[in-house]
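Comments concern the structure below.
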Amino acid sequence: MLRITDTLIIADWELSESFSRSSGPGGQNVNKVETAVELRFEAERSPHLAPGVKARLKRLAGRRWTQEGAIVIRAEETRSQARNRALAEERLVELIRAALVAPKRRIPTKPTLGSQRRRLAGKSARSEVKALRGKIEDE
């Protein structure tokens, strides 16, 4: 069971973990112990997430979203399996919390009458300056 917010909790059946050998430095530890964690969250089948949240989650997850609708998070930073597991769960929680926040709708505004008049006055002043740059003709 993974707690996202006070009202949202992810059930155990939606999460699965697999362990493998981690890459990088670590001496003999790397060759012997499976410390890398791959956390898989079945987001598409989750009854706890609203459709809008799932859509935002898919966009935020990017390449981590599989064709089956699952999110795969891999953690192999530390030499401890328990710490890597906690890091993977932390990343998943942050991702879901980010998806829970709905973007604010943009309200289109119109320019004020004063700003329109200032813009047009500036344009006409500039036009006059450019018109005065021409050649002077003898009368």
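With neighbours defined as other Cβ atoms within 10 Å of a residue's Cβ, the residues TRP13, TRP65 order from fewest to most as TRP13, TRP65. Report the Stokes-Einstein translational diffusion coefficient (µm² s⁻¹, integer) for the stretch 38-139, Rh taken as the Kirkwood radius over Cα pairs, at 10 °C with viscosity 1.306 mPa s. Taking Rh from Cα pairs, D becomes 84 µm²/s. At an R0 of 35 angstrom, the distance between the Cβ atoms of LEU132 and ARG105 translates into a FRET efficiency of 0.15.
Here PHE19, PHE41 are placed in order of increasing Cβ neighbour count within 10 Å, fewest first, which gives PHE19, PHE41. Only Cα pairs under 8 Å and 6+ residues apart enter the sum, and on that basis the relative contact order of the chain stands at 20 percent. Counting other Cβ atoms within 10 Å as a rough exposure proxy, the listed residues ARG117, ARG133 run ARG133, ARG117 from fewest neighbours to most.
Close Lys pairs in the chain, defined as Cα atoms under 23 Å apart and 8 or more places apart or on different chains, number 4. You can think of it this way: the chain between LYS58 and THR5 has 17.2 nm of extra reach, that is 0.36 nm per residue less the Cα-Cα gap.
Other residues within the sphere of radius under 10 Å centred on the Cβ of SER16, judged by their own Cβ, net out at -4 (K and R +1, D and E -1). Taking the centroid of alpha carbons for each part, the stretch 101-139 and the stretch 1-71 are 53 Å apart.
Rule-based calculations on the coordinates, nothing more; no lab input. Keep in mind that what you see is a predicted model, and the values were worked out from it rather than measured. Every residue, glycine among them, receives a Cβ derived from its backbone with ideal geometry; neighbour counts consider all protein chains shown.
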